[in-house]
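Asks: Structure provided below as structure tokens; questions to follow.
The values are calculated or read from the model by the stated rules, or taken from the named source; none is laboratory data. It should be emphasised that the depicted structure is a prediction, and the values quoted were computed from it without experimental measurement. Note that each Cβ is placed from the backbone with ideal geometry, even for glycine, and that neighbours are counted across all protein chains shown.
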Amino acid sequence: MLNRIRSLFTGDDGVEPGEDALQAAAAALMVEAARTDDTISEAERDRILSVVRSHFKLSEEEAQDLLSAAVFDTEDVSPYLRYVSVIMDRCPPGHRLWIIEMLWEVAYADGVLNDLESSLLRRIGGLLHISDVERGEARKRVLARLGLPDDAGLPV
């Protein structure tokens, strides 16, 4: 299973990417969001696993494999443009907001939003053609789901 998932990141299986590639791209972007402070906390790791299991209907093992492959693939560089490209190709414009919500969940996994996380969400939102208003509404939905106040992570 892990080799199949790794092949989604490397593209060396010769198969046209589909839903699996979308899952791989989403997981890689969540790892990038978690790694903005140079480490992936246990809370961020748990949140990524929870989000991919829930959103993609994966088993615990499949979610673990997907996360491991995403961590491995994004280890040395920040190639998020490649993953955004997969999402742009595979996901219709009206259905891209889910990735921003996933990223907000990872950014708020520790209850705090840092400047680098916020910046990454702005960049990815722009690349996915998601407006600041839509991104802000997605943030509020995530804060409500997580039971955090509306002003969590905002500058004082």
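Asks: Having 2 or more residues that are surrounded by 11 or more Cβ atoms within 10 Å (Cβ to Cβ) and out of contact with any helix residue (DSSP H, G or I) (no Cβ under 8 Å at 6 or more places or on another chain) is the bar; report the helices (runs of 4 or more DSSP H) wholly within the range 89-156 that clear it. I'd like the intermediate steps shown before the answer.
Replies: Details: elements: 97-107, 115-127, 132-146.
Helices (runs of 4 or more DSSP H) meeting the threshold: 115-127, 132-146.
Asks: If I filter the range 7-21 for residues that are of a type outside the set (D, E, K, R), modelled with pLDDT of 90 or more, closer than 20 Å to Met88 by Cα and within 16 Å of the chain's Cα centre (by Cα), do I get at least one hit?
Replies: First, the residues of the range 7-21 that are of a type outside the set (D, E, K, R): 7-11, 14-15, 17-18, 21.
If we keep only those that are modelled with pLDDT of 90 or more as well, we get none.
Scanning the range 7-21 turns up no residue that is of a type outside the set (D, E, K, R), modelled with pLDDT of 90 or more, closer than 20 Å to Met88 by Cα and within 16 Å of the chain's Cα centre (by Cα).
Asks: Across the range 57-70, which residue is surrounded by the fewest Cβ atoms within 10 Å (Cβ to Cβ) among those that are out of contact with any Leu (no Cβ under 8 Å at 6 or more places or on another chain) and part of a helix (DSSP H, G or I)? Even if it seems obvious, please write down each step before you answer.
Replies: Within the range 57-70, the subset out of contact with any Leu (no Cβ under 8 Å at 6 or more places or on another chain) is 57, 59, 61-62, 70.
Filter again for part of a helix (DSSP H, G or I), leaving 61-62, 70.
Values: Glu61: 10, Glu62: 17, Ala70: 28.
Among residues in the range 57-70 that are out of contact with any Leu (no Cβ under 8 Å at 6 or more places or on another chain) and part of a helix (DSSP H, G or I), the one surrounded by the fewest Cβ atoms within 10 Å (Cβ to Cβ) is Glu61.
Asks: Has the range 28-39 got any residue that is among the charged types (D, E, K, R), closer than 27 Å to His129 by Cα and at pLDDT 85 or above?
Replies: yes
Asks: Surrounded by 15 or more Cβ atoms within 10 Å (Cβ to Cβ), modelled with pLDDT under 90 and over 13 Å from the mean Cα position of the chain (by Cα), is that true of Asp73? Even if it seems obvious, please write down each step before you answer.
Replies: On the way: surrounded by 15 or more Cβ atoms within 10 Å (Cβ to Cβ): yes; modelled with pLDDT under 90: yes; over 13 Å from the mean Cα position of the chain (by Cα): yes.
Considered against the rule, which asks whether it is surrounded by 15 or more Cβ atoms within 10 Å (Cβ to Cβ), modelled with pLDDT under 90 and over 13 Å from the mean Cα position of the chain (by Cα), Asp73 comes out as yes.
Asks: Applying the selection to the range 50-109, what residues are in contact with a Lys or Arg (Cβ under 7 Å, 6 or more places away or on another chain), touching a residue at least 60 places away in the same chain (Cβ under 8 Å) and among the small types (Gly, Ala, Ser)?
Replies: Result: Ala69, Ala109.
Asks: State whether one or more residues within the range 71-81 are aliphatic (A, V, I, L, M), more than 21 Å from Glu134 (Cα to Cα) and assigned to a helix (DSSP H, G or I).
Replies: If we filter the range 71-81 for residues that are aliphatic (A, V, I, L, M), which is where we start, we get 71, 77, 81.
So of that shortlist, the ones also more than 21 Å from Glu134 (Cα to Cα) come out as 71, 77.
If we keep only those that are assigned to a helix (DSSP H, G or I) as well, we get 71.
Yes.
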